[in-house]
Amino acid sequence: MLKETRQHVIGDFLMTGETEYHWGDTYRSAYKKLYSRSGQGCEMTDWIDWPIKYLESDEYKRLKKTAKKIREQNDAVIVVGIGGSYLTPKMVIQSEFGESYNEFAEENENPKIYFVGCDLSPDRINGIMDLIEGCDWSIIYISKSGGTIEPALTFRTFWKKLYDLYGEEADNRVYAVTDAQKGILRELANEHGWESFVIPDGIGGRYSAFTACGLLPIAVAGINTDKFLQGAVDAISDCKEANSFAGKYAMWRYYNYFCESKVELYAVNAPELSFLSEWLKQLFGESEGKNGLGLFPTSVVFPTDLHSLGQALQDGVRDIIFETFISRDFKSSVKIPQSDLKDSLNKYQEKDFSQASAAAMDGAFKAHTEGGNPCCMIRVGNTLEDLGYLMQCMFVACAIYCYMIGVNPFNQPGVELHKKQMKSSPEWDK
């Protein structure tokens, strides 16, 4: 079943002898660096087999029990985090339930979930505080160190509201996901007795999807994390195969980089996948964009953005953009009805909207290819296993590709510099 639902279609050029001749040695060297754990940043590669270990761990069993307690105790949950600490749960929840998860959460006997700490908008903070007025609620605070200023300031703000509401009982309504031994959040969790879960030392934020960072909020939303993890487990062995999807995708990106492309554009086929694009942008952008190297990842939703950026993609500047289409199977079926409307659309009656979507993606793929943009198509099933499988494959592809272009996939020196500059900004003195 997995092989039937997980279709990965990449351009045929990746399979040619010419490609192997030019880049086979580069790929094999990068592959070896990753799996022998000998490349730059190798101390941060525990994610490679983490899903296998975590699926059977005692902490994971406790995580599921805690998530059940949080669901039963709360009308709303505030998830505080930024970067990898919020993109995975936000993406998986939206992918599973759509953009209107909170509108249906009560019907499904799940709490509403609000993500904060990923911006510094006082309007948004006030808006969410208004939304949780009269609710029973708790906080999940996700941070390796607790020192990242956006979520730290936001947590402080919601902690005050929580403490004002519950008093000493507030300590039973905070759940920390952080380092096992050190950092501001670990110290706070120990001091207050907050239940906590560990971000492993050997896994960085953007590779943390299958740790408690991603899994606790996902489980609180009522999503089956066993299935999600199992998809990643299935991918672990597949990614080691010579002809794996992860290897093909790493080669696809390297081929375009070698041809001096500057931008990779992700095109997804549904608004529910818009945060999959955001997740991919962080994974690749933060992993490869250093030392003056790397591609710039950006994204669109088709067909929506075909009616805004389609013209520029079709006829605009050439030779710097390549497109990676991600087309996921839909979960629902909506037939185009019969009608007496004189709109010249009777030829489409009884067709499904999924067919219309497929036609839009196919049309854009062919048109943009003919227009001169290199394009590839990734087709994905719609199950949690499929999503977990795709994400684990992308971790592997990203690391291999980064080694191919000669950068450390696991550090983020530019992010650290912006954090430093932000804390010393004269704006604080106004």
Yes/no for LEU162 being touching a Lys or Arg at 6+ places or on another chain (Cβ under 8 Å), hydrophobic (A, V, I, L, M, F, W, C) and in the same structural domain as GLY204 (by TED's automatic domain parsing): yes
Let me confirm something: among GLY294, GLY285, which residue is surrounded by 14 or more Cβ atoms within 10 Å (Cβ to Cβ), within 30 Å of GLU416 (Cβ to Cβ), without any contact (Cβ under 8 Å) to a residue 40 or more places away in the chain and small (Gly, Ala, Ser)? GLY285
Condition first: assigned to a helix (DSSP H, G or I) and out of contact with any strand residue (DSSP E or B) (no Cβ under 8 Å at 6 or more places or on another chain). Now tell me which residues in segment 191-228 satisfy that. GLU191, GLY205, ARG206, TYR207, GLY214, LEU215, ILE218, ALA219, THR225, ASP226, LYS227, PHE228
Out of SER274, SER261, sole residue that is in a helix (DSSP H, G or I) and either within 30 Å of PHE115 (Cα to Cα) or more than 22 Å from the chain's Cα centre (by Cα) (or both): SER274
Residue satisfying all of: in segment 313-341; in a strand (DSSP E or B) and of a type in the set (Lys, Arg); farthest from ILE378 (Cα to Cα) among these: LYS335
Within segment 395-430, restricting to residues that are among the β-branched types (Val, Ile, Thr) and in a helix (DSSP H, G or I), the one that is nearest to TRP47 (Cα to Cα) is VAL396
All conditions in (1) exposed (fewer than 15 other Cβ atoms within 10 Å of the Cβ); (2) at pLDDT 90 or above; (3) acidic (Asp, Glu) are true of GLU323 except (1)
Checking ASP136 against (1) in contact with an Asp or Glu (Cβ under 7 Å, 6 or more places away or on another chain); (2) buried (at least 19 other Cβ atoms within 10 Å of the Cβ), which single condition isn't satisfied? (2)
Could you please let me know if ALA212 is aliphatic (A, V, I, L, M) and under 23 Å from the mean Cα position of the chain (by Cα)? yes
Give the residue, chosen from LYS351, LYS331, LYS347, LYS420, that is outside the structural domain of LEU280 (by TED's automatic domain parsing) and either without any contact (Cβ under 8 Å) to a residue 60 or more places away in the chain or surrounded by 14 or more Cβ atoms within 10 Å (Cβ to Cβ) (or both). LYS420
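The values are calculated or read from the model by the stated rules, or taken from the named source; none is laboratory data. Because the structure is a prediction, the values reported are computed rather than measured. Backbone-built Cβ (ideal geometry, glycine too); neighbour counts: all protein chains shown.
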